[in-house]
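In what follows, a single structure is set out as structure tokens and then discussed.
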């Protein structure tokens, strides 16, 4: 972390960048949040980079691209896919970004730690492969790898897809089958599937956190806020958007979603929203060939391409 | 949930102006009957059909939605049906994944010359919807009603 | 809210017999926006239209719903009627209660209920309609013909004769195409060159025709009436203005071992060459892959012997950019490759040849100077077997599903010519069917059988096996006598299927002209618009649209020319106003719409947007209304809903959905 701060200060000082986009300390050790830093003092005082810095900063570069001068942005390997996708969609300006690819050995999920029975957390410090957890009731510890976010278990790898320079080591933390959860649902009976999704989606409070954090959901105006489809949520009574929000959202990001997992990370209700996106990704891979959004900055994307021999929609029925 | 009334399904058919809409016209002029439950909405091309229209129909009480377009390779606009095909494949797969009966959605390629196919397709589709009964799942996805 | 009038047509009894039109009128009166509703016997009649106009005036209507036959029948009628009544024609919607209702339903209550729902959907849509104005665009009075075979030449001549300048782009060094390779033509046995050459000369001499040979279309942009085309003129290495066509260079060229494309590889040509004697232009090209000067830097004999000083080794490709109002595709065909048909031993024996190769063998300017001989040993054949449908009408996926159409006739021609010139040669034809629809065609075929004694065998050949003595053992089956046939032949001629020129897919993509699975260009209507592509301003001439013989090709070439002339004769074109439109305030500038646009109608502009007081420079989509054909692909690709289609807007379609599902 100190290396990052030193380098950021240098780049600020020599005028290469006008500001730094990183993470600042939260009120608790486990809730740092994205922030812009413009001075060395601010960096020294507030900057943080650690296991809880899961937030993907790519999306903030949409606004930062409109600002004067360059912005130093810190991207983890998986964040670079989102950044590439945003370049692909002309939403961020590569020229306005100075990218430091920061090392990542997987990011932590505070919910996982809490669910393991740890209560009254005061502070968590990383100690090699272990986490030392200070609580109101004494100290305990936990393996770092046991507290990872879901997305880190299906890590896309330690390679940064785009950067100006790299600081720190990264690790491929994948230890689960990416589509295992999706497959499990696919194998259910229609009744079970429906019951599963009805239960999950019933929790939704339409807080829009998933939409707001998603780097693919970056429309200037979401269809759910505009009058173009008579789907506006202005009067929070429109049952169309109420019921269909998550399907439509998933469809809108289909072929563009990099599977960064931010939606599930931020959902206050703990809805596994990535299961929608990952289903589309799995289908796209199976139907149209392996595709990873953001891996190639010039890719057209599976929904704006076709081949004559594409499978027919009836394949859904045939697969049963 | 109304269980006492006789089931009269609501079925929306999106038809491309250049092929299946004309195919439906041909079915009409050839007097090839299909149930009155099917109501056709004309679109310039199958690629005009936004998945939101289909979800909207279901949410408003449709029991089945079918989309008809030009055969692959024959699109009036060269490529529209290819995009439509991918979009619908993914949408239908998602609906299936969520437990919505996959018989409620269908895509069929029907040319302007295929009045018989249009009529047969509609007859089959309506029959399927009758066998599935009323669509409750998409209307009840979030237990709000 | 609009002021809508609903007009329900009885269509005599066509609608009224099954739909209670009076009830429909009563039911729709309470719909939002409906001010007036009435029914009439024949809405499309003068009297019916007068009723509409009267109602518009009386009730100050600004939107119309006509419940009648299909919009494909009378939408145009009622739009014109609206215009006469002083309403924008795009404020009219048709509820199709005949083809989609009365004609297919028997129960009156059911049909009436459906008619009401269809009317409601149309009313809901009109409530959201907006007046649309068709734009105007100009017409560049010049045509481009891609391909300089008989189809392209005929089209160019007809357009040029009508007084419009035409450019022909031909990728080979000479115009002439496949027809120039043929020896004789059916059904009159004219010498192909004798009837083609005058047309080639006429085209070259025509003041309105410019010929670009050894050239290819590289890029096409624009739209009907206003295409911009980039043409690559490949380096010929000869100064066209200086060359006198004396031919000395070809004679002296030391590199004479390049297989001649014109002779289908059966003979050789020099590195500097004109493809055939009557080539137009009569200016050679240097094949840089074969030329010693280009390969080693040594030689230069052609330059030394050229008295005109026309040889220019330093020439480079040049690009010509030209504007056209109309483009005619005349890219023609080639024979399929036979690598999937090795049972016929085409690759194993020089004496198994294709029909087009036989044309060259029979031609006086061909590799054997017109003598019928075996290419392996030069001996005169005594037994020739023709195999039909090699790769045509193929069900197993190896070849083409379609009938190549010309093979039955040219094989009859070949058989007849051989029997005429060499009466001692036996000719056997294995066929699936003999197809001879065409003027004097069946008579021609019957002459081959009855007067010339050609042996036709209904059945297919399973295998051709080259024998050690040089003969070819043909294993076939006679389906009529139901017996196996084993025949020793000296030569086997394969009627290989024809396929569209492989370059045509690339060209179709550039032109956004639709193309089918077999690479034939699709016509706008299979019956009623057979020489037009669905893409406005693109016309189809010759085999690029489907297999054709010469008379049909010439007829179609003329028809394509007439369609092009009809377009070029106009000064202004009306554009379809149902085009896509982007809301700049919502546009993300993400390019998804442009990715799916088949017409290249969407471009991006970086401009200052005033978004509710916030001024920002943004990248936003712009639709070129003259290019956009209104398919709507972009509207679904657009995640934010910024892109919408006029006349079929998101809200309009959703209103229809809601009305139907109510």
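Read-outs throughout are calculated quantities, based only on the coordinates presented, and are distinct from any laboratory measurement. None of these values were measured; they are calculated from a predicted model. Methodologically, a virtual Cβ is constructed for each residue, glycine included, from the backbone with ideal geometry; neighbour enumeration extends over all protein chains shown.
Remind me, relative contact order of chain A in percent, using alpha carbon pairs under 8 angstrom and six or more residues apart?
Reported relative contact order: 15 percent.
Round to a whole angstrom and tell me the spacing of the C-alpha centers of segment C:503-546 and segment C:172-215.
That distance is 23 Å.
At 222 nm, what helix-only mean residue ellipticity would chain C give, in deg cm²/dmol to the nearest 500, using -39500 (n - 2.57) for each DSSP H run of four or more? Working shown, then result.
Details: 17 runs with 178 residues, N = 662.
Roughly -8000 deg cm²/dmol at 222 nm, from the helical runs in chain C.
Relative to the first principal axis of the alpha-carbon coordinates of chain A, what is the inclination of helix A:274-288, with its axis defined by its Cα atoms, in degrees from 0 to 90 and to the nearest 10?
60 degrees
Sort C:457-467, C:1-11, C:131-141, C:61-71 for me by packing, meaning the mean count of neighbouring Cβ atoms within 10 Å per residue, highest on top.
On the way: C:457-467: 16.7, C:1-11: 22.7, C:131-141: 14.7, C:61-71: 26.6.
Going from most to least packed, we get C:61-71, C:1-11, C:457-467, C:131-141.
Using only Cα atoms and rounding to the nearest 10 degrees, what angle (0 to 90) does helix A:190-202 make with the longest principal axis of chain A?
With rounding to tens, the tilt is 40 degrees.
So, by mean Cβ neighbours within 10 angstrom, what's the order for C:361-374, C:645-658 with the highest one leading?
Working: C:361-374: 17.7, C:645-658: 23.4.
Ranked by mean Cβ neighbours within 10 Å, highest first: C:645-658, C:361-374.
Expressed in nm to one decimal, what extension gain is obtained for the pair residue C:517 and residue C:463 from 0.36 nm per residue of sequence separation less their Cα-Cα distance? Can you show the working numbers first?
Working: separation 54, 0.36 × 54 = 19.44 nm, distance 2.90 nm.
Result: 16.5 nm gained on full extension.
What is the mean number of Cβ atoms from other protein chains located within 10 Å of the Cβ atom of each residue in peptide A:194-204, rounded to a whole number? Before the final figure, lay out the partial values.
Working: counts 9, 1, 3, 7, 7, 1, 1, 5, 4, 1, 1.
For this peptide, the per-residue mean of nearby foreign Cβ atoms is 4.
Going by average Cβ density within 10 Å per residue, which order do the peptides A:156-163, A:9-16, A:274-281 take, highest to lowest? Display every interim value, and only then the final one.
Working: A:156-163: 18.5, A:9-16: 13.6, A:274-281: 24.4.
Going from most to least packed, we get A:274-281, A:156-163, A:9-16.
Quickly work out the residue C:60-to-residue C:107 label distance, labels modelled 7 Å from Cα along the C-beta direction, and quote it in nm with one decimal.
Placing both labels 7 Å beyond Cα along the Cβ direction yields 4.4 nm.
Please identify which residues in segment A:201-222 have an amide N closer than 18 Å to a label point set 7 Å out from the Cα of residue C:607, following the Cα→Cβ vector.
The answer is none, because no backbone nitrogen lies closer than 18 Å to the label point.
Specify the inter-centroid distance of segment A:6-78 and segment C:112-152, based on alpha-carbon positions, in whole Å.
Taking the Cα centre of each part, segment A:6-78 and segment C:112-152 sit 52 Å apart.
For chain B, what is the per residue volume of the convex hull drawn over the alpha-carbon atoms, in cubic angstrom?
Working: hull volume 13.7 nm³, N = 145.
Per-residue hull volume (Cα only) is 95 Å³.
If I take R0 = 25 Å and measure r between the Cβ atoms of residue A:183 and residue A:314 in this structure, what FRET efficiency does the formula 1/(1 + (r/R0)^6) give, to the nearest 0.05? Could the numbers behind the result be given before it?
Details: r = 21 Å, r/R0 = 0.85.
After rounding to 0.05, the efficiency reads 0.75.
With label points built 7 Å along Cα→Cβ from the Cα atoms of residue C:277 and residue A:198, find their separation and express it in nm.
Those two pseudo-labels are separated by 8.7 nm.
Report for the protein assembly as shown the percent antiparallel among DSSP-assigned beta bridges with both residues inside it, nearest 5.
Working: 75 of 150 bridges.
About 50 percent, rounded to the nearest 5.
Can you figure out the FRET efficiency of residue C:230 with residue B:33, using R₀ = 45 Å and their beta-carbon distance, to the nearest 0.05? Present the calculation step by step, with values, prior to reporting the outcome.
Working: r = 54 Å, r/R0 = 1.21.
Plugging the Cβ-Cβ distance into 1/(1 + (r/R0)^6) gives 0.25.
Expressed as a whole number of Å, what is the distance separating the alpha-carbon centroids of segment A:111-182 and segment C:299-354?
Using only Cα atoms to place each centre, the spacing works out to 64 Å.
Just want to confirm a number: the relative contact order over segment A:10-116, from Cα pairs under 8 angstrom separated by 6+ residues, in percent.
After rounding, I find 26 percent.
Which ordering of C:327, C:153 is given by a fewest-first count of other beta-carbon atoms within 10 Å?
Numbers: C:327 27, C:153 31.
Ranking C:327, C:153 by Cβ neighbours within 10 Å, fewest first, gives C:327, C:153.
Compute the acute angle (0 to 90°) between the alpha-carbon long axis of helix C:46-59 and the principal axis of greatest extent of the alpha-carbon atoms of chain C; round to the nearest 10°.
With rounding to tens, the tilt is 40 degrees.
With an 8 Å cut-off on Cα pairs and a minimum separation of 6 or more residues, tell me the relative contact order of chain C in percent. Please report the intermediate quantities before stating the final value.
Numbers: 1464 pairs, mean separation 86.9, N = 662.
Dividing the mean separation by the residue count of chain C yields 13 percent.
Once fully extended, how much extra length lies between residue C:84 and residue C:393, figured as 0.36 nm per residue of separation less the alpha-carbon to alpha-carbon distance?
Gain on stretching residue C:84 to residue C:393: 105.9 nm.
GNM on chain B, C-alpha springs below 10 Å: top fluctuator among B:90, B:55, B:26?
Comparing B:90, B:55, B:26 in a Gaussian network model of chain B, the most mobile one is B:90.
Taking every residue in A:207-220, how many Cβ atoms of other protein chains lie within 10 Å of its Cβ, on average? List each step's numbers first, then the result.
On the way: counts 0, 0, 0, 0, 0, 0, 0, 0, 0, 1, 2, 4, 9, 13.
Whole-number average of other-chain Cβ neighbours for A:207-220 is 2.
Which whole number gives the average count of other chain Cβ atoms within 10 Å of the Cβ atoms across peptide C:589-599? Show your work: numbers first, answer last.
Details: counts 4, 10, 6, 8, 1, 1, 6, 11, 3, 10, 2.
Other-chain Cβ atoms within 10 Å of each residue's Cβ, averaged: 6.
Calculate, in whole percent, how much of the Cα-Cα pair population of segment C:4-126 lies beyond 24 Å. Walk me through the numbers on the way to the answer.
Details: 1122 of 7503 pairs.
Result for the distance tail: 15 percent.
From the Cα trace of the protein assembly as shown, what convex hull volume per residue do you get, rounded to a whole Å³?
In the protein assembly as shown, the Cα hull volume divided by residue count equals 235 Å³.
Kindly state, to the nearest 0.05, the FRET efficiency for residue C:505 paired with residue C:307, given R0 = 41 Å and r defined as their beta-carbon distance. Please list the in-between numbers first.
Values: r = 44 Å, r/R0 = 1.08.
Once rounded, the FRET efficiency stands at 0.40.
Describe numerically, in nm with one decimal, the distance between label points set 7 Å from Cα along Cα→Cβ at residue C:218 and at residue C:295.
2.8 nm
Which residue fluctuates most in the GNM of chain A (Cα springs below 10 Å): A:143, A:228, A:203?
Its mean-square fluctuation being the largest, the pick is A:228.
Stretched out fully, how many nm does the piece from residue C:53 to residue C:256 gain, at 0.36 nm a residue minus the Cα gap?
Working: separation 203, 0.36 × 203 = 73.08 nm, distance 7.96 nm.
Length difference between fully extended and current span is 65.1 nm.
If Rh is defined by the Kirkwood formula over all Cα pairs and Rg also comes from Cα, what ratio Rg/Rh do you get for chain C? Before the final figure, lay out the partial values.
Values: Rg = 31.7 Å, Rh = 29.3 Å.
Across chain C, the Cα-based Rg/Rh ratio is 1.08.
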